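A short worksheet on the structure shown next.
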């Protein structure tokens, strides 16, 4: 389980010639273990698609090496890489039925006809496309084509499965169910998969670890929980999480017992110094300006808390999203019960010291997470 | 794949050059011919060694054609003017009628609208000779034969369907939402047509106009049958160079150069505008 | 503010009926959400109200005046489009100014009007940009600004947040109600995102195949959906459905799931001896530490976190799939066997044949109203 499977070392991708070079991926190093589901997450232009295309072999590697199962991929023809891919644009073979599309790669292997038929029908059942197996790609919906393309990739025995935005076109009602089934299937079959997506909900749901990319750089490669609880920097902190992290820029003051984060308009967050470890205090006090981040779920109501005024209260059935203003800053809270506050009501909230993240305002680097120092 | 080596750049350039030479050669050769006398043109094998002369152009502009046998009067400048006038007037009329019609066909699907649009297009692929004989008879009776008005009217058979069909496509490409947005903002349909649809279809209208202009300019058969010498465009006028004493290749070449010059200039000028207009793109918001 | 009333509005394209006998009344200053899957007829209905599409039958009344035959430009409303529909050949300023250039406003007045709404939407710094130079978020704000610029009493918003990214959509979802309140306009809002519908709508009209299936407050729609399909459309992760047959003995009405009895109140008595569909929302299933008399044993297939929730896909002993949702940060098993308990008060029961809720939402309107 812990052996290195996909090994990307110091990889660069540069498009075009020296005069008009576009540096899409910069010094990317990451290791994916066998049986792991890893995601490349980022907004468009972050380098995730270039990385995927280099692994698949659709693009050359400008610098560095990519190894898969011990073989160096750099100069290996895509066909010989033993990589299965589900394409964002489906790329189904138009003259073949959905069933033949899914079975296509299997037919080139030693599997018997009966075994192939079984695998295809199980895959179709999992993806809820059993009813369209005999139809042609052009006669089924985008969501169905996407599922067929995903099935064609998953059904293969490959060293690596690359899934490029595999669920973007699915109707929302199917997503939760299919995410669960696909994750179960991947784990059950010991598949190693790389998911490329801009949708963090999808990355969170499916991945063991997520590589957050921005500007060609890998920002952080960690488990979803760790990305949420210990973001490396302000970018990751605010990018990951929906609703997004609340942030306040603040100056810092201390006296013997208290450390104060002073926000605008005279509001300050005060904490007992004893709530933090001494090296957190030292690191925080070394900075003039910081950004304090608090996840929406970590803001709790407290009778002695700070006063905030509700500007929106949205009940979504199983969650309540509340937006409030705290000294001119907007704050978002997520609660799991129905909240009855009306717009204009005052609520009293506390920002728990265990859940505040402090970032250097200038560099964006994380300084501390709750009571602990950032690594 | 995405790397472009020096060699590739060179090869790509060479290939492009070959295509350009292939297409431009006839025009280039005609231009050379226009600067030669019949004798040097008809040399075998042909050569590009000659003493350039402007006598062909001079003959066209003065209207006096000196051949070995006789001196001939040819009113080429009148022909050129006829071409310009007929084409401009026909295209203008076709735009005036065709653009609103194209808009109607694009935006208001009514019963039979598709049939009417198709009927109009079918004028393009009916052989002109089919209509020429009856037309010339009618024109004689109505007094339209050998008039500019009659010719411009007949030229609509060429220009109108072109403009209608090309411009209709451009109107259809404009998202109706953009027009709805303007209507809902409180503007009448006519002002929406003027302020939104027309500017957005501008490049398309220009392209259609240009194309219609070229087709009108190049028309031969209608003018040949329906117009006499003083109303004939260059295409028909050029026939005059086939004289009893032989074909005046030099003058024909010069006439061709002079007659393609306006269309070429127009196309080059419009190209800039077309590209600019098309790159405005994002019609779909 | 305006009132809006639709009476039996029907629209057909060729032989297909895309809006089928729709009647709605929207009160002054109310926000009504038109919700439904794509192809349900929401957008056509909005265009009928706008007057850019004509109905075959029915009447459209604005402030009790029959507007059915009145041209779009004279209906005095504002509209924002899903694809923004900005005029590509005009600057953001001119786009926003377009509702103000009708009539006899001075340039000064137009400028003041545009600046005001641009400031409100935080796009005052990009007013001289052409639409193609705007980011997606700015385009969306420009298109909203254009709809608001004329201070129309009736605002039609056609899925305005559809084409912006998740973060922006979330931001706008919180910001938009304030904006709309400040305008004081009556709003018709089209969306296919149930969260947007619940967040923004004072009432929600659910459309399917051109017909209105249910109109109600977000509470009514979520807690007593009229049909199985509506229950499926509201909620993420999606509601669990199980085919069951209601039974009755001395303890009352019940259904069985995985050999476990789930007691139902008398309002659902119609399910007895009738093929029914049991709907269990993922959040009304809770993990319990050990097997007890009323727990159901399950095997966990996969755990998939989702925005502040943890979603678990499990299978019952009978092999039926079950989605379970719990708040992030709460404890729960990630793999293996576990036990769950189902909140019986939150169960929904539908007729298997008609798909209708056995409980008529109309009867519950007053009882189920929240204190809010």
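The strands (runs of 3 or more DSSP E) located wholly in region C:27-104 that include 1 or more residues which are more than 9 Å from chain B (Cβ to nearest Cβ) and modelled with pLDDT of 95 or more occupy C:31-35, C:57-62.
Filtered by the rule that a residue be more than 13 Å from chain A (Cβ to nearest Cβ), exposed (fewer than 15 other Cβ atoms within 10 Å of the Cβ) and either at pLDDT below 90 or touching a helix residue (DSSP H, G or I) at 6+ places or on another chain (Cβ under 7 Å) (or both), region C:319-372 gives C:331, C:360, C:362, C:363, C:365, C:366, C:367. Inspect region A:54-66 for any residue being closer than 22 Å to residue A:152 by Cβ, assigned by TED's automatic domain parsing to the domain that holds residue A:165, part of a helix (DSSP H, G or I) and in contact (Cβ under 8 Å) with a residue 12 or more places away in the chain and give the result as yes or no. Within region A:54-66, none of the residues are closer than 22 Å to residue A:152 by Cβ, assigned by TED's automatic domain parsing to the domain that holds residue A:165, part of a helix (DSSP H, G or I) and in contact (Cβ under 8 Å) with a residue 12 or more places away in the chain.
Based on this model, can you work out whether residue A:289 counts as under 30 Å from the mean Cα position of the chain (by Cα), more than 14 Å from chain C (Cβ to nearest Cβ) and either surrounded by fewer than 15 Cβ atoms within 10 Å (Cβ to Cβ) or touching a residue at least 40 places away in the same chain (Cβ under 8 Å) (or both)? So residue A:289 passes the test. Filter region A:217-235 for residues that are in contact with a helix residue (DSSP H, G or I) (Cβ under 8 Å, 6 or more places away or on another chain), within 25 Å of residue A:271 (Cα to Cα) and within 14 Å of chain C (Cβ to nearest Cβ) and give the result. Scanning region A:217-235 gives a single hit, A:227. Right, residue C:313: without any contact (Cβ under 8 Å) to a residue 40 or more places away in the chain, within 15 Å of residue C:240 (Cα to Cα) and touching a strand residue (DSSP E or B) at 6+ places or on another chain (Cβ under 9 Å) or not? Answer is yes for this residue. Those residues that are more than 19 Å from residue C:301 (Cα to Cα) and either within 11 Å of chain C (Cβ to nearest Cβ) or assigned to a helix (DSSP H, G or I) (or both), I need them from region A:174-209; list them, please. Of everything in region A:174-209, those that are more than 19 Å from residue C:301 (Cα to Cα) and either within 11 Å of chain C (Cβ to nearest Cβ) or assigned to a helix (DSSP H, G or I) (or both) turn out to be A:198, A:199, A:200.
Look at residue A:338 and say whether it is modelled with pLDDT of 90 or more, more than 23 Å from the chain's Cα centre (by Cα) and either within 10 Å of chain C (Cβ to nearest Cβ) or buried (at least 16 other Cβ atoms within 10 Å of the Cβ) (or both). In short, no. Taken over region A:292-309, the criterion of being within 11 Å of another protein chain (Cβ to nearest Cβ) and modelled with pLDDT of 90 or more is satisfied by A:295, A:296. For residue C:168, the criteria (1) modelled with pLDDT under 85; (2) in contact with a helix residue (DSSP H, G or I) (Cβ under 6 Å, 6 or more places away or on another chain); (3) away from chain A (no Cβ under 12 Å) hold in every case but one, which is (3). Against the test of being assigned to a helix (DSSP H, G or I) and either within 17 Å of the chain's Cα centre (by Cα) or not assigned by TED's automatic domain parsing to the domain that holds residue B:158 (or both), the options B:83, B:122 yield a single qualifying residue, B:83. Taking (1) under 23 Å from residue A:342 (Cα atoms); (2) at pLDDT 90 or above in turn, residue C:209 satisfies each apart from (1). Only residues that are within 17 Å of residue C:143 (Cβ to Cβ) and out of contact with any strand residue (DSSP E or B) (no Cβ under 7 Å at 6 or more places or on another chain) were counted across region C:73-98, and they come to 16.
Checked against the criteria, residue C:130 counts as surrounded by fewer than 20 Cβ atoms within 10 Å (Cβ to Cβ) and within 11 Å of chain B (Cβ to nearest Cβ). Helices (runs of 4 or more DSSP H) fully within region B:166-250 that include at least 1 residues being farther than 27 Å from residue B:92 by Cα: B:176-184. Of the candidates C:230, C:188, the single residue that is within 14 Å of chain A (Cβ to nearest Cβ) and modelled with pLDDT of 95 or more is C:230.
Scan C:219, C:171, C:196, C:175 and give me the residue that is buried (at least 21 other Cβ atoms within 10 Å of the Cβ) and within 22 Å of residue A:343 (Cα to Cα). Give the derivation first.
Values: C:219 fails: buried (at least 21 other Cβ atoms within 10 Å of the Cβ); C:171 fails: buried (at least 21 other Cβ atoms within 10 Å of the Cβ); C:175 fails: buried (at least 21 other Cβ atoms within 10 Å of the Cβ).
Only one candidate qualifies: C:196.
Which condition number in (1) farther than 19 Å from residue C:341 by Cβ; (2) surrounded by fewer than 22 Cβ atoms within 10 Å (Cβ to Cβ) is the one that residue C:257 fails? (1) is the only condition that residue C:257 fails.
Just one residue in the set C:220, C:140, C:247 is farther than 30 Å from residue C:12 by Cα, touching a helix residue (DSSP H, G or I) at 6+ places or on another chain (Cβ under 6 Å) and away from chain A (no Cβ under 11 Å); that residue is C:220.
May I ask you to verify whether residue A:169 is crowded, with 18+ Cβ neighbours inside 10 Å, over 17 Å from residue A:204 (Cα atoms) and within 14 Å of chain C (Cβ to nearest Cβ)? Considered against the rule, which asks whether it is crowded, with 18+ Cβ neighbours inside 10 Å, over 17 Å from residue A:204 (Cα atoms) and within 14 Å of chain C (Cβ to nearest Cβ), residue A:169 comes out as no.
When B:36, B:78 are screened for being in a loop (DSSP other than H, G, I, E, B), closer than 26 Å to residue B:217 by Cβ and at pLDDT 80 or above, only B:36 passes.
The values are calculated or read from the model by the stated rules, or taken from the named source; none is laboratory data. Only a predicted model underlies this, so the values are computations on that prediction, with no experimental measurement involved. All Cβ positions, even for glycine, are placed from backbone atoms using ideal geometry, and neighbour counts span all protein chains on display.
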